[in-house]
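The structure appears right after this line, and notes come after that.
The values are calculated or read from the model by the stated rules, or taken from the named source; none is laboratory data. On a predicted model such as this, the values are computed, not experimentally measured, just so you know. Positions of Cβ are backbone-derived with ideal geometry, glycine not excepted, and every protein chain shown enters the neighbour counts. SASA here: full protein model, heavy atoms, side chains in, ligands and nucleic acids out. Shrake-Rupley method; radii C 1.70, N 1.55, O 1.52, S 1.80 Å.
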Amino acid sequence: MRYEDFYRQSVERPEQFWAEQARRIHWETPPAKILEESTPFRRWFVGGTTNLCHNAVDRHLAERGEQLALVAVSTETGITRELSYRELHREVNTFAAVLAALGVGRGDRVVIYLPNVAEAVFAMLACARIGAIHSVVFGGFAAHNLALRIDDAEPRLLVCADAGMRGGKVIPYKPLVDAALAEAKSPPPQVLIVDRGLDPQMTRVAGRDLDYAELRRAHEGEQVPVAWLESNEPSYLLYTSGTTGKPKGIQRDVGGYAVAMAMSIRCIFDVAPGQVMFSTSDVGWAVGHSYNVYGPLIGGATSLLYEGLPTHPDPGIWWQLCERYGVRTMFSSPTGIRVLKKQDAGWLKKYDLSELKWLFLAGEPLDEPTAHWITEGLGVPVIDNYWQTETGWPAITLMPGLDLKPVKFGSPGLPAPGYRMKVIDETTGGEAAPGQKGVLVFEPPLPPGCLSTVWRDDARYVSSYFSHFREPVYSSLDWAIRDADGYVTILGRTDDVINVAGHRLGTREIEESVSTHPAVAEAAVVGVKDELKGQVPVVFATLKQGVGEAPKQVAQGMQQRVVQQLGALARPARVYVVNALPKTRSGKLLRRSLQALCQQADPGDLSTLDDPGALDEVRRALERGP
Ligand code: ATP
Ligand code: MG
């Protein structure tokens, strides 16, 4: 079907459209009603009962029991695990039996604090099987971040590893769990340890800490019946990245999410049963949940999970894996590609990528120079796609699974099915004309798969997303522009908009312009208070390796480009060349911390900062002067 028809049906007759899509999954009881709206809340597939684990695993046994379901490759430990759907079924049942034996039941929360290993997938699916609510916390988060999430989710059980590994270095997890539980105020959960034998120093707390290998042996081969859940019961919680402040506990449903996964894996990602999807995300992020675990498995595909760096043992590792497993669709982030861009482009050509059809990238604006570099290097279409933890699946994308519309670099494309989008001019409150900037909003009802609410905080759900305009529309809190063909470009976050003498600029516009300088690897732009102009743009940039030009000269070159491309108004007042930029653990630029340092203000909650050294570097650069 053509995208235009598919999309039109989804917004003109949503109930009919989604009733049709719902046939992609198994319902134990069919829904009595497709949609029940009470804006800003909504319930999809009311009265239907289903189960994510059944749809992701059991349902495929008859037809594809021996097909690979999960391949977990670790270049850190050198271990590769390949599991068929039958083997995955067995492991998930065993894990579910262990959960049940520990008293975990329907509606109980389980915090999962594991690296990108097969057990993370087993644990998630086992929770889904018995109706427990998982909350995966990215394994790189420090004790304080973990404690905050524990206090919010109040888990009965916490599943963790002894350690993770990064670049050959063992990173103990268990001491962080101990510290987090010491800090947390909620009733202490039991701790189930997946001991990888990486940290011989690991200590155990008697009576609280349990060993998974031991319990696995005791329950191996047990079958655990699937819990049939009403479509709108919670399936999992996932906290947003915390780029703009305290992370929000996004609550997901069961039926709507399953349908969104079944539709998107096929129609957006173009993955059919039996084909291979490789997402480089960590399972701890939204992409990891949807396209390392639920999407490909609900779709009967093979999911490739990777623990390791993109550059280790060499910068060709991702493509080597694509060749080895015949990957059809790959999913990564602009940050990941920019890491490779610092390396020789020859690595992109070293392996046979004849099976690879698409590279999807999401999470941050994909700057045009990077989009060109990777498209030309790989020779496959690169599909930028825009979404949020809240939406659970792409909201703006192209849909090669239907038909491929022209790729326009700089834009993630067109609205995905069910998303009724508008760009709103904040000054008038009316819809912005094509080519005019404004806030990207979605009109209710949000399509299946999007957040039900913020965990135990309906008020925060309403105030965060639905209280910015006269009408009750969902605000994405991102700034955007739509062209005459309907393509949307994201200009940055609404919080980050720079207001120079009454003219408003998205951070993206200046960052994009600065990045056209051949010496620039990555740039962050923030608006800094200025007595005369209100705000002025200030640039922080890292340079590519082996740049001969002096940083001062490069800085001038960047300013000139901005003046030429965007006009004198956008000219960066100051340009600082640094060795690293502050980012969240999920690879997003933390502009608010840069802005705060420039204005001698408190940088706020930095708990999701990846490398604290990057901020010290910025402080020193500010002291030295531009
Ligand atoms: P928090 O909401 O806690 O501040 P966050 O917004 O960084 O954290 P995520 O849900 O992981 O948490 O990120 C979603 C955001 O990432 C989007 O709102 C947008 O700002 C940005 N984003 C994602 N994909 C794209 C893309 N393709 N192009 C531009 N921006 C993107
Ligand atoms: Mg956000």
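Here Arg460 meets each of (1) touching a His at 6+ places or on another chain (Cβ under 7 Å); (2) open to solvent by 10 Å² or more (accessible area, probe 1.4 Å) with one exception, condition (1).
Among the residues making up the range 18-50, those that are among the basic types (Lys, Arg) and either at pLDDT below 95 or open to solvent by 60 Å² or more (accessible area, probe 1.4 Å) (or both) are Arg23, Arg24, Lys33, Arg43. Got at least one residue in the range 465-474 being surrounded by 21 or more Cβ atoms within 10 Å (Cβ to Cβ), in a helix (DSSP H, G or I) and touching a residue at least 24 places away in the same chain (Cβ under 8 Å)? Yes, because at least one residue in the range 465-474 is surrounded by 21 or more Cβ atoms within 10 Å (Cβ to Cβ), in a helix (DSSP H, G or I) and touching a residue at least 24 places away in the same chain (Cβ under 8 Å).
Assess whether His89 counts as being in contact with a Gly (Cβ under 7 Å, 6 or more places away or on another chain), part of a helix (DSSP H, G or I) and open to solvent by 10 Å² or more (accessible area, probe 1.4 Å). Quick ask: steps written out before the conclusion?
Numbers: in contact with a Gly (Cβ under 7 Å, 6 or more places away or on another chain): no; part of a helix (DSSP H, G or I): yes; open to solvent by 10 Å² or more (accessible area, probe 1.4 Å): yes.
When the stated conditions are applied, His89 does not pass them.
Pull up the range 239-258, narrow it to residues that are near ligand 1 (Cβ under 8 Å from one of its atoms) and polar (S, T, N, Q), then point me to the one that is surrounded by the most Cβ atoms within 10 Å (Cβ to Cβ). Per the stated criteria, the residue is Thr240.
Being open to solvent by 80 Å² or more (accessible area, probe 1.4 Å) and not basic (Lys, Arg) is the filter here; which residues of the range 1-17 pass it? Give the steps one after another, and end with the answer.
Filtering the range 1-17 for residues open to solvent by 80 Å² or more (accessible area, probe 1.4 Å) gives 1-2, 8, 12-13, 15-16.
Met1, Glu12, Glu15, Gln16 - these are the residues of the range 1-17 that are open to solvent by 80 Å² or more (accessible area, probe 1.4 Å) and not basic (Lys, Arg).
Report the residue count in the range 278-297 for those that are among the small types (Gly, Ala, Ser) and in a loop (DSSP other than H, G, I, E, B).
Result for the range 278-297: 2.
Scanning the range 226-277 for residues that are in a loop (DSSP other than H, G, I, E, B) and within 16 Å of ligand 2 (Cβ to nearest atom) yields Thr240, Ser241, Gly242, Thr243, Thr244, Gly245, Lys246, Pro247, Lys248.
The residue that is most open to solvent (accessible area, probe 1.4 Å), among those in the range 337-352 that are touching a helix residue (DSSP H, G or I) at 6+ places or on another chain (Cβ under 6 Å) and away from ligand 1 (no atom under 15 Å from the Cβ), is Asp352. Take the range 372-429 and flag every residue that is among the β-branched types (Val, Ile, Thr) and within 16 Å of ligand 2 (Cβ to nearest atom). Within the range 372-429, Thr389, Thr391, Ile396 qualify. Of the residues Thr489, Thr494, the single one that is touching a Leu at 6+ places or on another chain (Cβ under 6 Å) and within 15 Å of ligand 1 (Cβ to nearest atom) is Thr494. It is to be established whether one or more residues within the range 608-619 are within 16 Å of ligand 1 (Cβ to nearest atom), open to solvent by 50 Å² or more (accessible area, probe 1.4 Å), on the phi < 0 side of the Ramachandran plot and not in a helix (DSSP H, G or I). Checked against the condition, which is being within 16 Å of ligand 1 (Cβ to nearest atom), open to solvent by 50 Å² or more (accessible area, probe 1.4 Å), on the phi < 0 side of the Ramachandran plot and not in a helix (DSSP H, G or I), the range 608-619 yields at least one hit. May I ask you to list the residues in the range 65-117 that are polar (S, T, N, Q), touching a residue at least 60 places away in the same chain (Cβ under 8 Å) and in contact with a strand residue (DSSP E or B) (Cβ under 9 Å, 6 or more places away or on another chain)? If the condition is that a residue be polar (S, T, N, Q), touching a residue at least 60 places away in the same chain (Cβ under 8 Å) and in contact with a strand residue (DSSP E or B) (Cβ under 9 Å, 6 or more places away or on another chain), then Gln67, Ser74, Thr75, Thr77, Asn116 are the ones that fit.
When Arg456, Arg508, Arg504, Arg460 are checked against the criterion of being outside the structural domain of Val287 (by the TED database), charged (D, E, K, R) and out of contact with any Leu (no Cβ under 8 Å at 6 or more places or on another chain), a single residue qualifies: Arg504.
Summed over the range 443-473, residues that are under 19 Å from the mean Cα position of the chain (by Cα) and under 17 Å from Leu35 (Cα atoms) total 8. Filter the range 6-35 down to residues that are within 16 Å of Pro417 (Cα to Cα) and part of a loop (DSSP other than H, G, I, E, B), then give me how many there are. Summing the residues that are within 16 Å of Pro417 (Cα to Cα) and part of a loop (DSSP other than H, G, I, E, B) in the range 6-35 gives 1.
Gly604 meets all of the listed conditions (1) within 16 Å of ligand 2 (Cβ to nearest atom); (2) crowded, with 17+ Cβ neighbours inside 10 Å but one, namely (2). Looking across the range 197-225, the residues that are assigned to a loop (DSSP other than H, G, I, E, B), open to solvent by less than 30 Å² (accessible area, probe 1.4 Å) and either in contact (Cβ under 8 Å) with a residue 40 or more places away in the chain or closer than 30 Å to Phe45 by Cβ (or both) come down to Met202, Val224.
Those residues that are more than 10 Å from ligand 1 (Cβ to nearest atom) and either under 23 Å from the mean Cα position of the chain (by Cα) or of a type outside the set (A, V, I, L, M) (or both), I need them from the range 474-486; list them, please.
First, the residues of the range 474-486 that are more than 10 Å from ligand 1 (Cβ to nearest atom): 474-475, 481-486.
Within the range 474-486, Tyr474, Ser475, Ile481, Arg482, Asp483, Asp485, Gly486 meet the criteria.
Among the criteria (1) away from ligand 1 (no atom under 16 Å from the Cβ); (2) open to solvent by 40 Å² or more (accessible area, probe 1.4 Å), the one Lys408 does not fulfil is (1). Screening Val104, Val98 for residues that are modelled with pLDDT of 95 or more and touching a Phe, Trp or Tyr at 6+ places or on another chain (Cβ under 8 Å) leaves exactly one candidate, Val98.
Anything in the range 367-387 that is closer than 22 Å to His517 by Cβ, within 22 Å of the chain's Cα centre (by Cα), more than 6 Å from ligand 1 (Cβ to nearest atom) and crowded, with 18+ Cβ neighbours inside 10 Å? List them, or say none.
Initial filter on the range 367-387 (closer than 22 Å to His517 by Cβ): 367-377, 382, 384.
Next, from what is left, pick out any that are within 22 Å of the chain's Cα centre (by Cα): 367-368, 370-371, 374-375, 382, 384.
Now drop any that are not more than 6 Å from ligand 1 (Cβ to nearest atom), which leaves 367-368, 370-371, 374-375, 382.
Within the range 367-387, Asp367, Thr370, Ala371, Ile374, Val382 qualify.
Here Leu229 meets the list (1) within 18 Å of the chain's Cα centre (by Cα); (2) buried (at least 19 other Cβ atoms within 10 Å of the Cβ) almost entirely, failing just condition (1).
Within the range 25-51, residues that are touching a residue at least 12 places away in the same chain (Cβ under 8 Å) have Cβ atoms under 6 Å from residues that are of a type in the set (D, E, K, R) and part of a strand (DSSP E or B) in these pairs: Arg43/Glu36; Val46/Lys33; Val46/Glu36; Thr49/Glu230, counting only partners at least 6 apart in sequence or on another chain.
If the condition is being within 27 Å of the chain's Cα centre (by Cα) and open to solvent by 10 Å² or more (accessible area, probe 1.4 Å), then the range 51-66 contributes His54, Asp58, Arg59, His60. For the range 92-129, the set of residues classified as surrounded by fewer than 24 Cβ atoms within 10 Å (Cβ to Cβ), of a type in the set (A, V, I, L, M) and farther than 20 Å from Ala213 by Cα is empty.
Restricting the range 144-165 to residues that are surrounded by fewer than 19 Cβ atoms within 10 Å (Cβ to Cβ) and out of contact with any strand residue (DSSP E or B) (no Cβ under 9 Å at 6 or more places or on another chain) leaves a set whose member that is nearest to Leu198 (Cα to Cα) is His144.
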